[in-house]
Every structure is written in C-alpha cells, then in structure tokens.
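Asker: Please read through the structure below; I'll follow up with questions.
The values are calculated or read from the model by the stated rules, or taken from the named source; none is laboratory data. Quantities reported herein were computed from a predicted structural model and do not represent experimental measurements. Every residue, glycine as well, gets a Cβ built from its backbone with ideal geometry; the counts of neighbours run over all protein chains shown.
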Amino acid sequence: MQSSMTFSSIVALFSAMIILASIPSISVLAVTTRAATSGFIHGVFTTVGIVLGDIIFIIIAIWGLSFLAEAMGSLFVLIKYLGAAYLILLGIGLCRSKSKNVETQEVIKSSLLSSFLTGLLITLGDQKATLFYLGFFPAFLDISKISYWDTLIIIAITTVAVGGVKLGYAFLADRARFFISSKIRKRINIAAGCVMIAVGVFLLTKT
C-alpha cells in the first residue's frame with residue numbers, strides 16, 4: 001500500500017507541526033511546570049500523555065470519524081471536568097509541598113503516572129481539537145484518498161515534531177532548576193501550583 005503524501009507535503013506538515021507545538025500553550029505550561037518542579041523525566045511523561053491525546057484526535061479526524069466524536073461528546077466533557085479537577089488538586093499539592101532533593105521510589109512512580117495523566121487529560125479536555133485537525137490536514141493531503149500508510153506517517157510526524165518540541169521545553173525547564181536554591185525552588189513550586197490551578201480553572205470555564 002502506497003502513501004498519497006509526497007516528500008514536500010511531509011516536510012511541510014512536519015514544519016507546520018513543529019511551529020504549532022512551539023507556540024506557548026497550556027500543554028507547554030504543563031510540560032515546563034512538571035519538569036521544573038519534579039525533573040526532566042516528569043516532563044517526558046507529560047509529553048507522552050500530550051502526544052497520545054493528539055494521536056487519538058488525529059485518528060478520529062483523518063478517518064472521518066466525526067460520528068464517533070459526536071457520540072463521545074459527553075465523554076469528552078466529563079474528561080474535561082475530571083482533568084480540570086485533577087489539575088487543581090495537583091496545583092494545591094504543589095503549593096503545599098516541600099522542596100526535597102531525595103524522593104522514595106514509590107513517590108516517583110506515582111508522580112510519573114500523574115505527569116502522564118496531566119498531559120493526556122489536558123489534551124483530551126479540548127474536544128475541539130478534532131475540528132482543528134479536520135481543517136488542518138486537507139492542506140497537506142487528500143483526506144478522501146488517505147491510506148493506513150498515510151496515517152502511520154502522520155502519527156510518526158506528530159510524535160517526532162510535537163514530542164521533540166515539548167521535550168525541548170522540558171529539558172530547558174529541568175536545567176534551570178539546578179541553578180536555583182532550595183528556598184527559591186519552594187517559591188517556584190508555589191508558582192507552578194498556581195499555574196496548574198489556573199489551567200484547571202481555565203478548562204472548567206472553557207466552552
């Protein structure tokens with residue numbers, strides 16, 4: 001099975017995805033917050049959640065599964081509210097946490113899962129993403145002639161472009177925390193917690 005995408009369209013799509021991923025957004029805030037407060041690996045897990053959420057919406061969009069998006073409308077609304085509540089709780093936890101250099105393995109595992117869920121829920125909370133992709137992809141390929149190979153190419157492009165950019169943000173945020181004292185890190189935790197709470201409130205009020 002051959003791809004209907006040309007080399008130029010692949011390069012164009014890849015470039016566009018990098019630009020879109022680089023624009024400051026809620027997902028960028030989530031990645032940098034988790035990396036700055038808990039380390040690079042948490043930024044990685046948040047990024048994985050974001051990319052997975054994007055892939056879900058992309059599959060729905062490019063295969064014309066608008067009926068599925070409509071059928072899952074109520075579910076997406078529920079996910080949005082659950083995600084918002086989850087982010088608010090995480091934010092409160094960050095504000096109340098103490099800056100520590102040593103953590104137990106159990107705490108680290110739990111935090112990695114929370115980082116992954118943060119990225120996934122933030123992405124799935126924006127059910128309008130499907131409509132965006134429906135209008136975005138036709139500029140790069142003929143949706144009516146799309147193949148499974150095309151789908152795999154788009155998923156690969158999304159994973160590398162979006163994931164790569166978010167990991168870049170996570171790396172920079174992680175490096176920055178090594179140049180600050182424990183006292184300032186505590187203040188950063190509080191600021192990051194306030195950001196997470198604000199993002200949660202934004203998701204709750206977003207229509």
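Asker: Residues to consider are LEU120, LEU52, LEU141, LEU112; find the one that is outside any helix (DSSP H, G or I) and at pLDDT 75 or above.
Answerer: LEU141
Asker: Filter the range 1-11 for residues that are surrounded by fewer than 15 Cβ atoms within 10 Å (Cβ to Cβ) and not polar (S, T, N, Q); which is modelled with the highest pLDDT?
Answerer: The selected residue is VAL11.
Asker: Does GLY39 count as of a type outside the set (A, V, I, L, M, F, W, C) and modelled with pLDDT of 75 or more?
Answerer: yes
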